[in-house]
Amino acid sequence: MRKLIGVAATALFLISFATTTASADPAKGHKLYLKKLKKPCGINGAKMAAKHTQDEWEELRDSGKLEDEIKKICPLVKDVKDKYLDDLFDFFYEYGSDSGNVPSC
């Protein structure tokens with residue numbers, strides 16, 4: 001019985017850990033923007049996110065054109081890894097021009 005409870009507790013821990021790391025995060029997107037895109041873009045994150053409304057950012061992500069839009073706004077950016085796109089989207093969406101939020105970039 002004790003072994004069964006230990007296995008169940010371990011499984012719950014692993015499942016909760018996996019679900020939190022799999023979700024995108026605006027704070028992580030903010031860090032990624034600062035580290036990977038701020039210098040080649042030449043603008044801070046607030047100006048980048050304000051290029052579009054939240055709906056426009058969502059439409060770009062849903063149509064698969066988010067990376068293309070980043071490259072359009074920031075021509076010096078060569079590639080954006082797919083694993084970064086969800087977090088960058090969350091950052092851009094959170095601070096879109098119509099959100100009323102302002103990041104501290």
Would you list, by chain and number, the lysines whose Cα falls below 17 Å from the Cα of Lys71, excluding same-chain residues fewer than 8 positions away?
-> Lys35, Lys36, Lys38, Lys39, Lys47, Lys51, Lys81, Lys83
On each of the three principal axes the extent of the alpha-carbon atoms of segment 24-94, given in whole Å and largest first, is 26, 23, 22
Taking the Cα-to-Cβ direction at Ala24 and at Ser104 and moving 7 Å from each Cα, how far apart do the two end points lie in nm?
-> 2.4
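Explain nothing, just the number: relative contact order of segment 24-94, from Cα pairs under 8 Å at least 6 residues apart, as a whole percent. Walk me through the numbers before you get to the answer.
Values: 75 pairs, mean separation 40.5, N = 71.
Computed value for segment 24-94: 57 percent relative contact order.
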Tell me, in nm to one decimal, what length is gained between Asp68 and Lys81 on full extension, where the rule is 0.36 nm per residue of separation less the Cα-Cα distance?
-> 3.5 nm
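What is the order of Ile43, Ile5, fewest Cβ neighbours within 10 Å to most?
By the 10 Å Cβ count, ascending: Ile5, Ile43.
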Pseudo-spin-label distance Ala46 to Leu34, built 7 Å along Cα→Cβ, given in nm, is 1.4
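Values in this text are rule-based calculations from the coordinates and carry no lab data. Treat the numbers as computed from the prediction; the structure is a model and nothing was measured. In this analysis, Cβ positions are derived from the backbone assuming ideal geometry, glycine residues included, and neighbour counts consider all displayed protein chains.
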